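Down below is the structure, laid out as structure tokens.
The values are calculated or read from the model by the stated rules, or taken from the named source; none is laboratory data. As the structure is a computational prediction, the values presented were derived from the model and not from experiment. Don't worry about glycine lacking a Cβ; one is built from the backbone with ideal geometry, like all the others, and counts go over all protein chains shown.
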Amino acid sequence: MMTLTKRKTWFYFIPYGLWLGLFVIAPLALIFYQSFFNLDHHFTFSNYANYFQSLTYLKMTLNSVWYALLITVFTGLISYPTAYFLHGLKHRQFWLLLVILPTWINILLKAYAFIGIFSQAGIANQFLSFIGIGPQQILFTNASFVFVATYIQIPFMILPIYNALDDLSPAFINASQDLGASGWQTFQRVIFPLTLPGVKAGVQAVFIPSLSLFMLTRLIGGNKVITLGTAIEEHFLTTMNWGMGSTIGVVLIVAMVIVMLLTGDQKPKGGTPR
Amino acid sequence: MKRLMLLIIGLLAICGLLGYSSQQLERSSGSTGSRVLNLYNWGDYIDPKLLTKFQKETGYHVNVETFDSNEAMYTKINQGGTHYDLAIPSEYMVTKMKRAHLLKPLDKSRLTGLNNYDSRFMNESFDPNNRYSIPYFWGTLGIIYNDKTIKPGTVDHWNDLWSSKYRDQIMLIDSARDIMGMALITQHQSMNATNPTVLRNAENKLNALAPNVKAVVADEIKMYMSQDEAPLAVDWSGEAAEMLANNHHLHYVVPSEGSNLWIDNLVIPKTAQHENAIYAFLNFMSKPENTAQNAEYIGYATPNRKAKALLPKSVRADRQFYPDNTTLDHLQIYKDLSPAKVQLYNDRYLEFKMHH
Amino acid sequence: MSKRLSNAFLILVFIILYAPIVFLIVYSFSAGDTMTAFHGFTWQHYRDLFNDSRMLAIVANTLLVALLSALIATLVGTLGSLGINRTTSRVTKESLLALNNVLMVSPDVIIGASFLIFFTMLKIPLGFVSVLLSHIAFEIPIVVLMVLPRLREMSSSMLDAAQDLGATTRQLLSHVIIPFISPGIFAGFFMALTYSLDDFAVTFFVTGNGFSTMSVEIYSRARQGINLEINALSGVMFLFSLLLVAGYYWIEQASSRRKQRKRRMAS
């Protein structure tokens, strides 16, 4: 029966297969291929040798991972409670849409708004002066970079967590409460573990893009934080060293696979032998 | 399921409506049809009134598309699939495009305004005899300071920036050749130096500047400086002109010991399709009164001698943007270096940026 | 007490989420030219906007690309998730998922650059078609990620039951599967729309020949520092999307209430 439907329906998957081939595998192959060419279009391993031997790139990689980690952690710390509380509201679908809405305003515009807010004469500094701290340098600090990056990522983390909460059957919570668990215990033992897949999906959606942020590093961070994304952008757009840019791209893709393996859903319950 | 279908049909209807209205709007702004000229330009780098005037005089409608870096423009034209009639690359990019056979030579017999130009900006090494290019604007690299905190005359030379007084106060333009070039000049080297040791020394010199650097940014410098975000910046004269117009406390200095001279040029990419419109436009833009109008709008220095004479005296005699001959003689034009040499600059510069 | 605390937290989050947008909109009414000091109220920037037919055409283009690409991406993505869900081998499934996610996590610059090379190889002229294709391409994975979890939840016993009752594949799709996963499909469509409207880097690479979207236009105009006409535009866009969301929600509520009433009558 199953095989029969399978045979009948394979043509449903042609568009998706085409997309995979043309827009995923082909570009991926292209990037992989390019990473083996130097500026003179000769085949070489020197890009990889450069990457792994140069202190600059290693430092940059560590920097990127560190900031991406910070951004992911902060995003998670804000997004989980937000999704949780949101889910308890009456018109929760509506509020969820309101969370997504700010992402429809162009990121560049939001960055410019933050520049206005954080600048020497901006609202943030006026507020600081008002409460007696006095104006501070806010722009071009690592803190402001992390803040704005977190801001940008929050909706992308809230959504999967919210979905996980939505899928949670209230029966589990009721059962836990009937068994006399306190609210916190219920959360710790039942709700959180069951929504962990949502958190993982959120981490996937936030961590890797954070590794490769580029516009914000310049506009808000003043290029004091250089991420792998900044380097790629520079190699592709300014220095035109596409080989080196592709090499960093390959490194990022490998990083992505690692993160996916770490956060992917293993199914321990099934007891599949490894 | 039925509801889903209805939704899809509704969305498609909206799409159709959008497509139709976008076409109507584009027609009303006149960007379709055959009597057109496709100009590939930097953002806000031509007086829009001139485009209207050009259309009135010749009937050609100019579609302007913009790019944000020489390299982005090169990539687009090199990849094909576009139909630009004219582009405005900087001097080193002219050489590069020429070498990649991306340019059509100028038909001098169809040009009427060539002798309006100052010979100082013609026949340069990047394009001998101006076979492919006509200069559009020129400028320098220099220091912008805010007289609220910096006394005029205290920052006249590149080395003044290294003073410990200016901790965390300088903004730099994010450009490897320019910032490395600045360091090279302080060490009495050529801005086109390619010796690895010399470049290494320049990087070390820049690393010493790092504590003074507040940020390394691009076009945003204009906005930041206009808002008094920092008292000092290193940027190009064209950008400086706009900052000065927005904030009267700002001043621009070209260090007399040397700096970069850049020239942006009109060229015809090989993708060009509207020959007649191109030459009409080139001749139109060479007319002194039009060039002068454009120069007043953009605020950059014009290479057109006759147009310069038409500018108000306050502009013409402004040493900030038309430096005196001694300074002019010390200015250096960037040579188009081989990719490997450019990479040397980029590597050193990246290490400087990572030095923070 | 804890209810009040959680509400306070939510209010704070919403304030932060909307602060830059409110900031942008407030300055769209400022008589000045920059976003540094408010210079008194004016409608001038809105008047400029509605006289700027090029900008309006670009807005129409942007919305067209967003809606059309999201629609096609949702279709292809949903079919793709059905396919992924069907595969029984775990290795195949995992590798399909990994491939699916490549575009989600690749830096935009790489996606843009590789698409650009790709389009030139295929001799697809840069413009509306290339932008549309790219947007569809990078939206598909998010649709799959939104639809797939719903599919996984669907119990196989339900499918088996339907099949045992003699449902054809088409019936199975239209009467059982699609209705069940439709929340995922809607979420996918919305996220696809979001990605399209938010994208700058990919479009920047693959556009050409006069075709432009809002983010690219904003980028080239922002060289001057931001132009307040663009603030006015974001004000209009924001109001429009707010109305859209409210309208969508209202319709949804109304239809679910109707359904409930029907059900109550039937029982």
Yes or no: the stretch C:48-58 includes at least one residue that is crowded, with 21+ Cβ neighbours inside 10 Å, touching a Ser or Thr at 6+ places or on another chain (Cβ under 6 Å), at pLDDT below 95 and among the hydroxyl-bearing types (Ser, Thr, Tyr).
no
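Could you list, in sequence order, the residues of the stretch B:89-105 that are touching a strand residue (DSSP E or B) at 6+ places or on another chain (Cβ under 7 Å) and either in a loop (DSSP other than H, G, I, E, B) or not assigned by TED's automatic domain parsing to the domain that holds B:Asp68 (or both)?
B:Pro89, B:Leu102
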Scan (1) under 21 Å from C:Pro20 (Cα atoms); (2) away from chain C (no Cβ under 14 Å); (3) at pLDDT 90 or above for the single condition A:Trp66 breaks and write down its number.
(1)
Condition first: within 16 Å of B:Asp47 (Cα to Cα), in contact with a Pro (Cβ under 9 Å, 6 or more places away or on another chain) and among the β-branched types (Val, Ile, Thr). Can you find one or more residues in the stretch B:292-301 that meet it?
no
Going by the conditions given, is B:Glu239 over 30 Å from B:Glu57 (Cβ atoms) and in a helix (DSSP H, G or I)?
yes
Quick check: anything in the stretch C:149-172 within 14 Å of C:Val76 (Cβ to Cβ) and touching a Gly at 6+ places or on another chain (Cβ under 6 Å)?
no
Quick check: anything in the stretch A:155-167 over 21 Å from the mean Cα position of the chain (by Cα), assigned to a helix (DSSP H, G or I), more than 30 Å from B:Lys341 (Cα to Cα) and away from chain B (no Cβ under 14 Å)?
yes
Only one residue in C:Thr92, C:Thr74, C:Thr168, C:Thr120 is more than 10 Å from chain A (Cβ to nearest Cβ) and over 30 Å from A:Asn106 (Cβ atoms). Which one?
C:Thr92
Check B:Lys313, B:Lys287, B:Lys306 and return the single one that is surrounded by 18 or more Cβ atoms within 10 Å (Cβ to Cβ) and of a type outside the set (Gly, Ala, Ser).
B:Lys306
Between a residue in the stretch C:243-257 that is farther than 14 Å from B:Leu4 by Cβ and any residue that is surrounded by 13 or more Cβ atoms within 10 Å (Cβ to Cβ), which pairs come within a Cβ distance under 6 Å, given they are 6 or more apart or on different chains?
C:Val245/A:Leu97; C:Tyr249/A:Phe94
Among (1) among the hydroxyl-bearing types (Ser, Thr, Tyr); (2) part of a helix (DSSP H, G or I); (3) more than 9 Å from chain C (Cβ to nearest Cβ); (4) buried (at least 20 other Cβ atoms within 10 Å of the Cβ), which single condition is B:Thr52 missing?
(4)
Of the conditions (1) part of a helix (DSSP H, G or I); (2) without any contact (Cβ under 8 Å) to a residue 60 or more places away in the chain; (3) away from chain A (no Cβ under 12 Å), C:Ser114 clears all except one; give me its number.
(3)
What's the total number of residues in the stretch C:134-157 that are more than 8 Å from every other protein chain (Cβ to nearest Cβ) and without any contact (Cβ under 8 Å) to a residue 40 or more places away in the chain?
5
Tell me, which residue of the stretch B:307-342 that is polar (S, T, N, Q) and closer than 22 Å to B:His188 by Cα is modelled with the highest pLDDT?
B:Gln332
Among residues of the stretch C:6-47, those that are buried (at least 16 other Cβ atoms within 10 Å of the Cβ), within 12 Å of another protein chain (Cβ to nearest Cβ) and under 29 Å from the mean Cα position of the chain (by Cα), counted
15
Taking the stated definitions as given, is B:Lys306 basic (Lys, Arg), in the same structural domain as B:Leu244 (by TED's automatic domain parsing) and touching a Phe, Trp or Tyr at 6+ places or on another chain (Cβ under 9 Å)?
no
Among the numbered criteria (1) under 16 Å from B:Trp236 (Cα atoms); (2) surrounded by fewer than 20 Cβ atoms within 10 Å (Cβ to Cβ); (3) among the hydroxyl-bearing types (Ser, Thr, Tyr), which one does B:Tyr297 miss?
(1)
In the set A:Ala113, A:Ala181, A:Ala121, A:Ala171, the lone residue that is more than 30 Å from the chain's Cα centre (by Cα) and within 8 Å of chain C (Cβ to nearest Cβ) is A:Ala121
So which residues in the stretch B:38-49 are within 12 Å of chain C (Cβ to nearest Cβ), at pLDDT 90 or above and over 23 Å from B:Arg177 (Cα atoms), if there are any at all?
B:Asn38, B:Leu39, B:Tyr40
Can you find a residue in the stretch B:194-209 that is under 30 Å from B:Asp118 (Cβ atoms), away from every other protein chain (no Cβ under 14 Å), free of Cβ contacts under 8 Å to residues at least 24 places away in the same chain and of a type outside the set (D, E, K, R)?
no
Can you name the residue in the stretch A:124-138 that is at negative phi and of a type in the set (Gly, Ala, Ser) and is also nearest to the other protein chains (Cβ to nearest Cβ) among such residues?
A:Ala124
Assess whether B:Ser190 counts as being of a type in the set (Ser, Thr, Tyr), touching a residue at least 24 places away in the same chain (Cβ under 8 Å) and not assigned by TED's automatic domain parsing to the domain that holds B:Pro255.
no
Keeping to the stretch B:57-73, report how many residues are buried (at least 20 other Cβ atoms within 10 Å of the Cβ) and within 7 Å of another protein chain (Cβ to nearest Cβ).
3
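Yes or no, residue by residue, for (1) outside the structural domain of B:Thr154 (by TED's automatic domain parsing); (2) outside any loop (DSSP other than H, G, I, E, B); (3) modelled with pLDDT of 95 or more:
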residue: B:Glu203; (1), (2), (3): no, yes, yes
residue: B:Ala208; (1), (2), (3): no, yes, yes
residue: B:Ala215; (1), (2), (3): no, yes, no
residue: B:Met223; (1), (2), (3): no, yes, no
residue: B:Glu229; (1), (2), (3): no, no, no
residue: B:Ala233; (1), (2), (3): no, yes, yes
residue: B:Met243; (1), (2), (3): no, yes, no
Only residues that are over 18 Å from C:Ile181 (Cβ atoms), touching a residue at least 60 places away in the same chain (Cβ under 8 Å) and buried (at least 21 other Cβ atoms within 10 Å of the Cβ): list them for the stretch C:60-106, please.
C:Asn61, C:Thr62, C:Val65, C:Ala66, C:Leu68, C:Ser69
Taking B:Ser34, is it without any contact (Cβ under 8 Å) to a residue 24 or more places away in the chain and surrounded by fewer than 16 Cβ atoms within 10 Å (Cβ to Cβ)?
yes
Which condition breaks for A:Gly202 when tested against (1) at pLDDT 85 or above; (2) outside any loop (DSSP other than H, G, I, E, B); (3) facing another protein chain (nearest Cβ under 10 Å)?
(3)
